[in-house]
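What follows is one structure encoded as structure tokens, with my remarks underneath.
The values are calculated or read from the model by the stated rules, or taken from the named source; none is laboratory data. Bear in mind that the values here come from a model prediction, so they are computed numbers and not experimental data. For neighbour counting, all protein chains shown are included, and Cβ atoms are generated from backbone atoms with ideal geometry for every residue, glycine included.
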Amino acid sequence: MCDKLARLKTKPKRINFISIQNSHTVACDGYATLPVRTGYEQAVSHRVGSGYCNIAEEDGVIESIVEGQGGVLRYKNGSTLGFILGRRFGKAGGQTIPHEMSTTFKVGDKVKAGEVVSFNSGWFEPDYFNKGQVLYKAGTIATVALVETKQTHEDACTITEKFSRRLGTKLTKVKKVRLEFQDVLTNLVKIGQEVDFETPLVLIQDEMTANLGVFNADTIATLASMSQQAPTAKVRGIVEKIEVFYHGSKDDMSASVRALANYGDKLLLTQAKATDVPVFTGSTDESYRVDGDPLLPGTMCVVFYITDHVTAGIADKVVFASQMKSIISEVADYEIVSESGIEVDAFFGAYSIFKRIVNSPFSMGTTTVLMQLGARHALKMYRGK
């Protein structure tokens, strides 16, 4: 229905903007499958890569699942499909984006060819009317008042604090720490630990200082303030992943550095086994770069992935309907209610719609309201009210 409305009510050039703008968005907390659809919501999962959906190529059975790591689908011909579950990270526009991979299947479940084995839950949700398939979550429903104010001038918009939380998302900052093989390490942060701007990620001692036994409980606080000895997180969030890369032999490492290398290799081994892929270690060479510089022999790089939740704020970009890009000019700390008592989520300019020759939002809005009312009446009838 939505595609017909767009073609009849919208300038063709603006229709082309839909796919362009959709390729520059991030998943938000309030995203869901929308009532007004194009019919393409189910097809999207079959048009994206494995970072978003894994599709069974043949009939098979779920052989194993390791929670938070991955699983294996064994096909009838004996081959396998390994899929990641839990957190994975992607990059877009210079940002590191956390993704959450999920599945509706359990060990022993039969899977048919064409069914979605795993999916990115930020962008997709199960299709309960078509088992084994998922639907694309195109956005969130908002009650928008069309008004002309200085906050809606030049295609800008106002949103409420409540709505900004529905547009909340997670972002990950990557912190790299370079070490020498002979360093002595203590107080390494753990996966799942909450950190702040000044939280030391690890305390580093050189070999000579460590052997002198200088560091004790009284000096740890002093070390924490010395950036070269205690690199800090410089961001707020949760440590979700730690990667360890090293150039050289473990035999040349101090005991604590070797323990860290073994820890990193164990993490890689766990996921490799869970997804039935070849096992790799963190051993590398000069081709691995740390901030543009090669990782030299006798050195190690520890990569910390720190994820925090952020809400939509001033200067963030949003898209109303399918193609009307806007910049948030105000996050209202007050409640916006219409004269009839309807809670409003955002202000947007009617002139911004008319000058773009994009009239489909009016049809989409009224259709959505009618479908919501119809759903409520159907539920009342179902419940005998």
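Within region 252-271, residues that are more than 13 Å from T186 (Cα to Cα) reach partners that are among the aromatic types (F, W, Y) and not in a helix (DSSP H, G or I) with beta carbons closer than 7 Å, at six or more positions or on different chains, in the pairs D252/F181; M253/F181; A261/Y246; L268/F280. Looking only at region 316-338, decide whether some residue is surrounded by fewer than 16 Cβ atoms within 10 Å (Cβ to Cβ) and over 32 Å from the mean Cα position of the chain (by Cα). Scanning region 316-338, I find at least one residue that is surrounded by fewer than 16 Cβ atoms within 10 Å (Cβ to Cβ) and over 32 Å from the mean Cα position of the chain (by Cα), so the answer is yes. Each residue in region 115-142 was checked for being in contact with a helix residue (DSSP H, G or I) (Cβ under 9 Å, 6 or more places away or on another chain), surrounded by fewer than 18 Cβ atoms within 10 Å (Cβ to Cβ) and either over 23 Å from T367 (Cβ atoms) or hydroxyl-bearing (S, T, Y) (or both), and 1 pass.
Name the single residue that is modelled with the lowest pLDDT among those in region 85-103 being assigned to a loop (DSSP other than H, G, I, E, B) and exposed (fewer than 15 other Cβ atoms within 10 Å of the Cβ). The selected residue is G93.
Here M300 clears all of (1) surrounded by 19 or more Cβ atoms within 10 Å (Cβ to Cβ); (2) over 23 Å from F17 (Cα atoms); (3) of a type in the set (A, V, I, L, M, F, W, C); (4) within 27 Å of the chain's Cα centre (by Cα) except the condition numbered (4).
Listed here are the residues, each with its yes/no results for (1) in the same structural domain as P12 (by TED's automatic domain parsing); (2) part of a loop (DSSP other than H, G, I, E, B); (3) modelled with pLDDT under 95.
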position	(1), (2), (3)
I242	no, no, no
N262	no, no, no
P278	no, yes, yes
M300	no, no, no
S329	yes, no, no
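When restricted to residues that are more than 22 Å from E180 (Cβ to Cβ) and touching a residue at least 24 places away in the same chain (Cβ under 8 Å), region 274-293 contains 4. Residue check: V358 meets all listed conditions (1) among the hydrophobic types (A, V, I, L, M, F, W, C); (2) at pLDDT 90 or above; (3) over 29 Å from the mean Cα position of the chain (by Cα) but one, namely (2).
Within region 44-64, residues that are touching a residue at least 40 places away in the same chain (Cβ under 8 Å) reach partners that are surrounded by fewer than 15 Cβ atoms within 10 Å (Cβ to Cβ) and part of a strand (DSSP E or B) with beta carbons closer than 7 Å, at six or more positions or on different chains, in the pairs G51/G90; V61/K110. Residues that are within 30 Å of K110 (Cβ to Cβ) and among the small types (G, A, S) within region 120-156 comprise S121, G122, G132, listed in sequence order. For region 341-355, the candidate set comprises residues that are within 31 Å of the chain's Cα centre (by Cα) and among the hydrophobic types (A, V, I, L, M, F, W, C); within that set, the residue that is surrounded by the most Cβ atoms within 10 Å (Cβ to Cβ) is F348.
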